1. How about segment 284-312: which of its residues are touching a residue at least 12 places away in the same chain (Cβ under 8 Å), part of a loop (DSSP other than H, G, I, E, B) and farther than 15 Å from residue 92 by Cα?
2. Quick check on this structure: which one of 259, 292, 236, 245 is under 24 Å from residue 348 (Cβ atoms) and out of contact with any strand residue (DSSP E or B) (no Cβ under 8 Å at 6 or more places or on another chain)?
3. Going by the structure shown, is residue 25 closer than 15 Å to residue 208 by Cβ, assigned by TED's automatic domain parsing to the domain that holds residue 345 and over 20 Å from the mean Cα position of the chain (by Cα)?
4. Scan segment 264-283 residue by residue and report those that are surrounded by 13 or more Cβ atoms within 10 Å (Cβ to Cβ), over 19 Å from the mean Cα position of the chain (by Cα) and not in a loop (DSSP other than H, G, I, E, B).
5. From the set of residues in segment 156-188 that are in a helix (DSSP H, G or I) and in contact with a helix residue (DSSP H, G or I) (Cβ under 7 Å, 6 or more places away or on another chain), which is farthest from residue 106 (Cα to Cα)?
6. Would you point out the residue of segment 76-101, among those that are in contact with a helix residue (DSSP H, G or I) (Cβ under 8 Å, 6 or more places away or on another chain) and outside any strand (DSSP E or B), that is surrounded by the most Cβ atoms within 10 Å (Cβ to Cβ)?
7. May I ask you to verify whether residue 315 is exposed (fewer than 13 other Cβ atoms within 10 Å of the Cβ) and within 23 Å of residue 360 (Cα to Cα)?
8. Within segment 255-263, can one find any residue that is touching a residue at least 24 places away in the same chain (Cβ under 8 Å), part of a loop (DSSP other than H, G, I, E, B) and buried (at least 17 other Cβ atoms within 10 Å of the Cβ)?
C-alpha cells in the first residue's frame, strides 16, 4: 500500500526525545498523524534544558549534552530548528592533586611525566610505556594498557571508570575507551568532528520546534502503554526495550546519574567540565553550566556534582551496561523485538545502545526512511 498523504495513517510514539521527534516530523510532513506520549512534563528527553530563573543560566537538567558530528545532513537538520553557536569542549581533570588537560594530549603527557617532548618523541615515549604484548585488546583495561600504558591508565581512567560503571575495567569492552582520543599535539578539543556547537536557545526549544506541526500531537505526563499499541497503524518505541516486554527475560542493566546542584557567585571552576579521577572523591565530575553558553554573560553560576550508580526500577536510565561476557538477556530481547509486528524500537533505550545525539538522529532518519520504503513496497 502506498505511503502517501492520500493513505493517511496514525502513528503512535513512546517518548518525545530526539528519536521520536525526528521520526514524527518526517511522517507528519508526509501527511500522516503522529501522537506522542511522554512520561515526563517536557519534551527532549535527557537533553532537556531550562533557563534558570535566578541566574539566567541555561541549565542542562539531566547533565551536559554537547553536539558534535561529521554528518552534514544531521547538522543541517538541527540547524533548521535552532541556530547552533560555536562551542568547543575543553575538559580538565584532577588526579593526584594536580589539574591536567583532557583528552590526553602533548601538554598532558609533558606535564604528567615532567618532560618537554615534541610529537615524535612523545609517540616513542608512550609506546615505551605501552604493553605491546597485547595485540588484540578485548577489554577496557587491555585497550588502555596497549595504547597509553599503566601510569596514564591508573591516573586518568581506572578509578574514574570504577566510579562511572561500578564494574572492573577488565570486564568492560574495549569500545568504551576507543571513543577517547590520544593526541600527540597540543589540541585540547575533546572532539574531532567538523561540526561542533550548542543550540542558542537550548535543546528543548529545538525539539519543541521540531514537534510544532499540525499533524503532531504531544501528550506530556502520559505513557504509551503496550496495551495501546494496537490502536495505531504502527508504533515507534523509544522507551526501555525490556520494559516493552514486561521484563519477562529479566531487567537489562543501566547506569543512572544523581546530580547535586549548587549555586555560587562568579566563576566557580573556570571551565565547563572538570573530571575528578581519584576514588577518594565520590563524584565523577563537576559541570558549570554557564560555560556551555560562552556567548552569554552571567554574574551567578549553576554547578552540578555528578554521581554515577546502578539504575533502580524507579530511576532514569542513562547508559546501557555492556560487558565483555553475559549479554544473553539482551540477545533474547533483541530476538523478541525482531519478531514484534507493528513496532519499531528506536533510540538509546529502545535499541539498548550508547549513542551520541548525532548518531541518535542519524539512526532515526535511517529508521523512518527504511520504514516508509517498506510501506511503499
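The values are calculated or read from the model by the stated rules, or taken from the named source; none is laboratory data. Just so you know, these numbers come straight off a predicted model, no measurement behind them. Note that we place each Cβ from the backbone using ideal geometry, even for glycine, and neighbour counts take in every protein chain shown.
1. Once the filter is applied, which keeps residues that are touching a residue at least 12 places away in the same chain (Cβ under 8 Å), part of a loop (DSSP other than H, G, I, E, B) and farther than 15 Å from residue 92 by Cα, segment 284-312 yields 293, 294, 295, 296, 298, 299, 311, 312.
2. Of 259, 292, 236, 245, the one residue that is under 24 Å from residue 348 (Cβ atoms) and out of contact with any strand residue (DSSP E or B) (no Cβ under 8 Å at 6 or more places or on another chain) is 245.
3. yes
4. 264, 276
5. 170
6. Restricting to residues being in contact with a helix residue (DSSP H, G or I) (Cβ under 8 Å, 6 or more places away or on another chain) and outside any strand (DSSP E or B), the top hit is 78.
7. No, not satisfied.
8. No, segment 255-263 has no match at all.
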